[in-house]
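Enquirer: Take a look at this one; I'll ask things after.
Just so it is clear, none of the values below were taken in a lab; they were calculated from the coordinates. Here the structure is a predicted model, which is why all the values come from computation and not from measurement. Note that we place each Cβ from the backbone using ideal geometry, even for glycine, and neighbour counts take in every protein chain shown.
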Amino acid sequence: MRSEIIKKLMQIAEKEAVIAVQTGNSKRPFGAVLADKTGKVIVQVGNTSKSDQDLTAHAEMNILRKAFKKLKSVDLSSYILISNMEPCSMCASASIQAGIRTFYYAHSLEDKCNPHLSLSDIIKKSQGKFTVKQLDIQN
Ligand SMILES: [Zn+2]
């Protein structure tokens, strides 16, 4: 995809992020766009965690939910995701599950929401606040 198309899509994501802040949904601006490979916007939305009373309503999660409904498919492998911010591990994982292979973002969240964390990394970074145990269902 041409860089000027990606820049236009990123501007749309930035506008959605501004709306998310203006509507009180986020302290930090988060907005995202799903586009097809020609750059046609399929879905655009920002973070709606506060208005939806849903901590998983990050811009990228909202994009995926809306796209699944609109496209009547959970396979988004033909689309690209553009977000103004680096995705958190939840959004990155969900994007991978949905088949997204190309994800553009503009601003890094650095170490706070590293999308490349494994479960063991997340547990380590939680400093004892998050525990996961695998059940032994054989016994
Ligand atoms: Zn997220």
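Enquirer: Along region 44-57, what does the Karplus equation 6.51 cos²θ - 1.76 cosθ + 1.60 (θ = phi - 60°) give for ³J(HN,Hα), rounded to whole Hz, x for Gly and Pro?
Expert: Those phi angles translate into 9, 6, x, 5, 10, 4, 6, 5, 8, 6, 9, 5, 8, 7 Hz.
Enquirer: OK, next. Given an 8 Å cut-off on Cα distances and at least 6 residues of separation, report the relative contact order of region 24-111 as a percent.
Expert: Taking the mean separation of contacting Cα pairs over the length of region 24-111, I get 28 percent.
Enquirer: Per-residue counts of other Cβ atoms within 10 Å, averaged by peptide: what ranking do you get for 22-29, 93-100, highest first?
Expert: 93-100, 22-29
Enquirer: What net charge do the residues around Y105 carry, taking every other residue with its C-beta under 10 Å from that of Y105, with Lys and Arg at +1 and Asp and Glu at -1?
Expert: Local charge sum for Y105: -2.
Enquirer: Applying 1/(1 + (r/R0)^6) with R0 = 22 Å to the Cβ-Cβ distance of S120 and T56, what FRET efficiency is obtained, to the nearest 0.05?
Expert: Calculated value: 0.50.
Enquirer: Report, by chain and number, residues whose modeled amide H sits under 5 Å from the one on M85, excluding near sequence neighbours (fewer than 5 apart, same chain).
Expert: Answer set, sorted by chain and number: G31, A106, H107.
Enquirer: Counting only DSSP beta bridges with both residues in the chain, tell me the antiparallel percent, nearest 5.
Expert: Among the beta bridges of the chain, antiparallel pairing accounts for roughly 65 percent.
Enquirer: Sequence-distant or interchain residues sharing an amide H contact under 5 Å with V43, placed H: which?
Expert: Residues meeting the amide H criterion: L34.
Enquirer: Roughly how big is the chain's charge dipole about its Cα centre, with Cβ charges of +1 (Lys, Arg) and -1 (Asp, Glu), in debye to the nearest 20?
Expert: Dipole of the chain, to the nearest 20 debye: 260 debye.
Enquirer: Quick one: pull the percentage of alpha-carbon pairs in region 4-121 with a separation above 16 Å.
Expert: Distances greater than 16 Å cover 56 percent of the Cα pairs.
Enquirer: Got a sec to turn the phi values of region 62-79 into Karplus ³J(HN,Hα) couplings, 6.51 cos²θ - 1.76 cosθ + 1.60 with θ = phi - 60°, whole Hz, x for Gly and Pro?
Expert: Going residue by residue, I get 4, 4, 4, 4, 5, 5, 4, 5, 5, 8, 6, 7, 9, 9, 10, 5, 8, 10 Hz, with x marking Gly and Pro.
Enquirer: Separate question: If amide hydrogens are placed 1.01 Å from N in the peptide plane, which non-local residues have theirs closer than 5 Å to the one on T102?
Expert: So T102 has HN proximity to L81.
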